[in-house]
1. Being within 14 Å of another protein chain (Cβ to nearest Cβ), closer than 30 Å to residue B:41 by Cα and touching a residue at least 40 places away in the same chain (Cβ under 8 Å) is the requirement here; does residue B:248 meet it?
2. Starting from residues that are part of a loop (DSSP other than H, G, I, E, B) and in contact with a strand residue (DSSP E or B) (Cβ under 7 Å, 6 or more places away or on another chain), keep the ones in segment B:69-88 and report whichever is modelled with the lowest pLDDT.
3. Being modelled with pLDDT of 90 or more, more than 25 Å from residue A:163 (Cα to Cα) and away from chain B (no Cβ under 11 Å) is the requirement here; does residue A:75 meet it?
4. Identify all residues within segment B:89-103 that are crowded, with 21+ Cβ neighbours inside 10 Å and assigned to a loop (DSSP other than H, G, I, E, B); write none if there are none.
5. So if I check each of A:62, A:54, which one is at pLDDT 95 or above and more than 17 Å from residue B:256 (Cβ to Cβ)?
6. Can you find even one residue in segment B:170-182 that is surrounded by fewer than 19 Cβ atoms within 10 Å (Cβ to Cβ) and either within 14 Å of chain A (Cβ to nearest Cβ) or outside any helix (DSSP H, G or I) (or both)?
7. Can you name the number of the only condition in (1) within 14 Å of another protein chain (Cβ to nearest Cβ); (2) within 17 Å of residue A:23 (Cα to Cα); (3) at pLDDT 90 or above that residue A:82 fails?
8. Where residues in segment B:236-287 are more than 23 Å from residue A:95 (Cα to Cα) and part of a helix (DSSP H, G or I), which of them is farthest from the chain's Cα centre (by Cα)?
C-alpha cells in the first residue's frame, strides 16, 4: 500500500465503495493505525477460509473495542475485511461505521452480504445485569448462514482498552446438518458454549 | 412474422384481441419513452403502438402513433386509450420533480396521469399486462429503513416523489386486479445519462457541488439505455412482480463529484436550505428526494432482475457517473468557422 496512491484515489474519486458503503482504502488505513494502538495475540485463524463467505460469532462484548479488535486481527491474519452486523446502530456514527464495513443487523441484509462471499461478524449482545459469560446471539442471523451453507465459526476475544493488549481465538467451524429455525438455535447455542470454552 | 410470433417469448393471452399485440404507452415524449418506443418498433411481433404525452417524441418514430395530450386531461387520455384497445399498458408517464417540469406540475401529472391512463386501461377487456415505471424512492430512507431493500420490503416513502410513486403503484395494483392482468412494477434507481433530464445529473454537473461533509452513504444509478432495455424486456416477459432495477456498485456524493472533476463543498444542517436556493438560481433546482439521496444514500437489492427479466444492466454505477461527465458541453461556433462534419 502506497500512501501516494491512496491519496491520489481520494482526490480523483476512483476509490471503491460498495453498496453498503464499505470503503476499502479507508479500512486499510484504519487497520494499519490499529496496529500501533493495540497488541493482538491471534490464534486459530486457519479456520477462516482464504476466500468465500464465513460467519463469525464474536463474544463476549464487554467494552466497545471488541468488534474493531477482531476486524484488525482478521485483517492482519488473513488479509480479509470483516463486515460486522449491527455496528452501525448509533445514528451519529452510522456513516463512518458503514465506511469501515458495518452492515445493518437484519436477516435479509446479512444474507445479501454473505452472497457476495464476505466475512460477516455477528456480535454477542451485552449482559445488562452483570451475568457472567457472553450474552446471547440472535439466531435469525445464524439462520442466514445455514440457509446459504456458509461455515459458522465462534470467536472469543478478551483484553483491556487501557493496556491495549488483546487476544483473539477462533474456534473450529460448527458442524450441523440441516437448516430451519431449530437448527439455527442449536448452532447459536453451540457457538455460545464454544466461546465460553475458548475463554477458559 | 408468424414464425417469429412463436419465438420463446411469453405473450400470454393475446388471443382475446385476435392474436394482435397492441401497446399503449404513456410518457412517450420523454427521452426514456421515445427510446423505448423506437426499440419496440423494431420488434415485428408488435402490431401497433400508441403513445401519449404532453410533449412530442424526441426523435422520429416509424410505426408508432402519437397523440399529444396533457396527462391531466381526463377525457383525452381515456378516449385515446379505450379507442385503441391495447393488449399491453406501458405506463412510463412518471414525471420526476424538476426534471422536465416544476415539482408541483410533475407531481400532478404523475398522479392524475396514472389515475386516468391506468383507469382507462382497466376498462379495456383486451389488456393482459401492465408494466409500470416506478423508482426505488418508494422504499424511503431513514435509520429504521433497510439499507439495501429488496422487493419484499414494505414501501414507506420519505420524499414527495417516493410518495407519488407509491400512489402510482397502488393505482396500478387496483387496475391489474380489476382486469386479472399481470403487473410488472419496475423500480428504477435514479435514471441518468447523456441528454436525460434529471435533477441529480444536472446537480452533479454544477461546477461547485454541495455535499454532506463526512462518511456519506452511497447511491446507485441506472443508465438511460439500460432502463429502456429493462422496460422492453418487461413488456416481453411480463413477470407478475415488482423488480428493482439498478446498476451494480455504488458511489458516494463526494466520489461522484470528484469523478467529474468538480469541486465538492461540505454542507451541514440548515446550510442545505441556502445550498438549494443557490443551486436553483444556477439552473439546477434540487427536489427533496435528491437531497435525501445525497444525505442518506439510495441503493436497492437488484439481484432479482436477472431471474425475473432474464436480463442484466450493462453499465456499473461508476461507469454511469463517468459517462454523465463525458457528455460534452455545448460548443458555440462562430460564423464562418470551418469545422469537421
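1. Answer is yes for this residue.
2. Checked segment B:69-88; the qualifying residue modelled with the lowest pLDDT is B:69.
3. no
4. Those that are crowded, with 21+ Cβ neighbours inside 10 Å and assigned to a loop (DSSP other than H, G, I, E, B): B:92, B:93, B:94, B:95, B:96, B:98, B:99.
5. Values: A:62 fails: at pLDDT 95 or above.
Selected residue: A:54, the only one of A:62, A:54 that is at pLDDT 95 or above and more than 17 Å from residue B:256 (Cβ to Cβ).
6. Within segment B:170-182, one or more residues are surrounded by fewer than 19 Cβ atoms within 10 Å (Cβ to Cβ) and either within 14 Å of chain A (Cβ to nearest Cβ) or outside any helix (DSSP H, G or I) (or both).
7. (1)
8. If we take residues in segment B:236-287 being more than 23 Å from residue A:95 (Cα to Cα) and part of a helix (DSSP H, G or I), then B:274 is farthest from the chain's Cα centre (by Cα).
The values are calculated or read from the model by the stated rules, or taken from the named source; none is laboratory data. Only a predicted model underlies this, so the values are computations on that prediction, with no experimental measurement involved. No Cβ is skipped: glycine too gets one built from the backbone with ideal geometry, and neighbour counts run over all protein chains shown.
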